[in-house]
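Encoded as structure tokens, the structure appears first; notes follow it.
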Amino acid sequence: MDRIATTGMRFTSGYSPAPLCTPTRRSIVNGTSAARSGSEFSSTWVPSEHITIPKAIKQADAAYQCAHFGKWGEKMISSPEECGYDESDGHTGNATGGMANKDDPFHIVDDPKRTDSVTKRSIQFMRGQVKANKPFYLQVSYYAVHLRTELLQATLEKYQEKGVPDRGYSHGWAGMLEELDRGIGDLLDALDELDISQNTYVVFMSDNGGRGTVPGGNEKSPPTNSPLSGAKHSLQEGGIRVPFLVRGPSIQAGSVCHVPVVGYDLLPTFFELAGGKDSPSNEIDGGSFVSLLASPQSGTVKRPVDGVIFSRPRRRQAAIRQGDFKLLCSVNDDKLNPASGQLFNVQTDVSETNDLASTLPDKANQLQNTLTAYLAKFKDPSGSNKPKKKK
């Protein structure tokens with residue numbers, strides 16, 4: 001992961017479209033906000049009936065071959081092939097990567113989280129495309145570090161010898177992350193061996209923020225996502241702000257960009273990189289960030305709505321990030337609570353501790369109006385948006 005950052009660009013304000021996996025994966029493949037395509041695991045939105053990343057890339061250049069290996073997602077309805085991928089592992093989900101007995105601390109297996117096998121299959125695909133002299137798009141969705149924790153015995157022992165973790169993670173979780181990192185390194189090595197590193201873009205991101213607790217973790221250590229507030233499932237920064245790294249042609253090594261980007265920007269970005277013009281669909285919420293890759297300080301991302309939209313009504317939350325500011329609101333019966341808006345400068349206040357709504361009322365109102373207008377256009381296809389009752 002560090003190799004991608006040091007040879008490419010690090011986006012300090014990178015976001016997943018949702019604070020949990022399937023809505024994010026659906027959002028990424030269709031270039032949509034979760035408010036449009038569904039904010040929960042279940043959704044009536046059918047990805048294959050809309051523009052998708054592989055369809056957009058092939059629209060730009062029909063020569064492209066597209067593959068998806070690893071975790072596809074829970075309740076995605078459409079298969080990868082139905083969405084336009086030429087090769088895939090099919091309808092894979094959490095269980096495929098060892099979700100059973102997730103509360104048991106550590107599991108020692110031969111191919112932890114299938115990281116090694118997913119990596120090898122991905123490299124095999126790349127070699128085939130290079131041999132055939134075809135351009136390709138490859139999406140590698142590793143199962144790690146989704147719980148349960150699986151890793152090699154030697155990796156576990158390495159981290160046990162390091163003492164108490166400096167956050168609320170476990171030795172096993174740290175080891176699982178290293179094994180994921182090793183798989184990513186193998187992919188980068190393969191690009192070098194195939195002599196295509198100089199004309200290949202590599203994007204790394206997570207599908208949601210880190211968990212608040214990890215089985216086997218030290219609860220007395222600082223929170224897992226510190227200094228970010230909140231964790232997975234929440235629209236606080238800890239639930240949606242994620243690592244976002246890009247390397248490739250025209251990108252200056254070790255560069256940094258503070259402009260907000262989100263997973264649903266990937267489709268229009270890849271479309272442009274593949275040679276596409278204009279927009280492949282009027283249902284896309286994202287914008288291309290190609291200009292940022294060459295000019296992180298002066299480039300822009302032009303989306304249909306000025307800002308990045310987040311919605312999770314089942315958790316009674318909605319948010320918008322625009323520039324340095326983020327408005328976080330409570331939601332009741334699918335409508336924003338006007339008095340609930342909290343305004344933060346999340347460029348300088350990543351912990352979201354200083355509410356600026358009363359000191360910058362015009363900014364808070366402007367963001368609330370933008371968010372309200374966008375959410376009014378769509379009825380969340382995830383079904384009932386009322387929070388689930390606690391058992």
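The values are calculated or read from the model by the stated rules, or taken from the named source; none is laboratory data. Quick caveat: nothing in here was measured; it's all calculated off a predicted structure. Methodologically, a virtual Cβ is constructed for each residue, glycine included, from the backbone with ideal geometry; neighbour enumeration extends over all protein chains shown.
Residue-by-condition table, conditions (1) closer than 30 Å to Glu49 by Cβ; (2) touching a helix residue (DSSP H, G or I) at 6+ places or on another chain (Cβ under 6 Å); (3) without any contact (Cβ under 8 Å) to a residue 60 or more places away in the chain; (4) crowded, with 20+ Cβ neighbours inside 10 Å:
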site: Asp278; (1), (2), (3), (4): yes, no, yes, no
site: Ser281; (1), (2), (3), (4): yes, no, no, no
site: Asp285; (1), (2), (3), (4): yes, yes, no, yes
site: Leu293; (1), (2), (3), (4): no, no, no, yes
site: Leu327; (1), (2), (3), (4): no, yes, yes, yes
site: Asp333; (1), (2), (3), (4): yes, no, yes, no
site: Pro338; (1), (2), (3), (4): no, no, yes, no
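Within the stretch 126-146, how many residues turn out to be among the hydrophobic types (A, V, I, L, M, F, W, C), surrounded by 19 or more Cβ atoms within 10 Å (Cβ to Cβ) and over 17 Å from the mean Cα position of the chain (by Cα)? Residues in the stretch 126-146 being among the hydrophobic types (A, V, I, L, M, F, W, C), surrounded by 19 or more Cβ atoms within 10 Å (Cβ to Cβ) and over 17 Å from the mean Cα position of the chain (by Cα): 2 in total.
This table checks each residue for (1) surrounded by fewer than 21 Cβ atoms within 10 Å (Cβ to Cβ); (2) among the basic types (Lys, Arg).
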position	(1), (2)
Arg3	yes, yes
Thr7	yes, no
Gly14	no, no
Arg25	no, yes
Arg36	no, yes
Val46	yes, no
Glu49	yes, no
Ala67	no, no
Gly73	no, no
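Given the structure, is Val145 assigned to a loop (DSSP other than H, G, I, E, B), in contact with a helix residue (DSSP H, G or I) (Cβ under 6 Å, 6 or more places away or on another chain) and of a type outside the set (S, T, N, Q)?
Judged against the criteria, Val145 is a match.
If I ask for residues that are acidic (Asp, Glu) and in a loop (DSSP other than H, G, I, E, B), which ones from the stretch 272-299 would you list? Steps first, please.
Just the residues of the stretch 272-299 that are acidic (Asp, Glu), to begin with: 272, 278, 283, 285.
Once the filter is applied, which keeps residues that are acidic (Asp, Glu) and in a loop (DSSP other than H, G, I, E, B), the stretch 272-299 yields Asp278, Glu283, Asp285.
Please tell me if Pro54 is crowded, with 16+ Cβ neighbours inside 10 Å, within 19 Å of Asp265 (Cβ to Cβ) and in the same structural domain as Thr155 (by TED's automatic domain parsing).
On the way: crowded, with 16+ Cβ neighbours inside 10 Å: yes; within 19 Å of Asp265 (Cβ to Cβ): yes; in the same structural domain as Thr155 (by TED's automatic domain parsing): yes.
When the stated conditions are applied, Pro54 passes them.
The set of residues from the stretch 254-286 being more than 19 Å from Arg321 (Cβ to Cβ) and among the aromatic types (Phe, Trp, Tyr) comprises Phe270, Phe271. Are any of the residues in the stretch 344-364 modelled with pLDDT under 95, outside the structural domain of Gly209 (by TED's automatic domain parsing) and closer than 22 Å to Arg241 by Cα? There is no residue in the stretch 344-364 that is modelled with pLDDT under 95, outside the structural domain of Gly209 (by TED's automatic domain parsing) and closer than 22 Å to Arg241 by Cα. Taking the stretch 322-380 as the range and being over 24 Å from Gly287 (Cα atoms), in a strand (DSSP E or B) and of a type outside the set (A, V, I, L, M, F, W, C) as the test, the residues that pass are Ser330, Asn332, Lys335, Gln342. The criterion of being of a type in the set (A, V, I, L, M, F, W, C), touching a residue at least 60 places away in the same chain (Cβ under 8 Å), crowded, with 20+ Cβ neighbours inside 10 Å and farther than 23 Å from Lys232 by Cα holds for Leu367. Summed over the stretch 217-248, the residues that are at pLDDT below 95, surrounded by fewer than 18 Cβ atoms within 10 Å (Cβ to Cβ) and in contact with a Phe, Trp or Tyr (Cβ under 9 Å, 6 or more places away or on another chain) give a count of 2. Would you pick out the residues in the stretch 155-211 that are at pLDDT 95 or above, among the acidic types (Asp, Glu) and surrounded by fewer than 18 Cβ atoms within 10 Å (Cβ to Cβ)? Within the stretch 155-211, Glu157, Glu161, Glu178, Asp181, Asp186, Asp189, Asp192, Glu193, Asp195 meet the criteria. For the condition hydrophobic (A, V, I, L, M, F, W, C) and out of contact with any helix residue (DSSP H, G or I) (no Cβ under 7 Å at 6 or more places or on another chain), Val262 qualifies.
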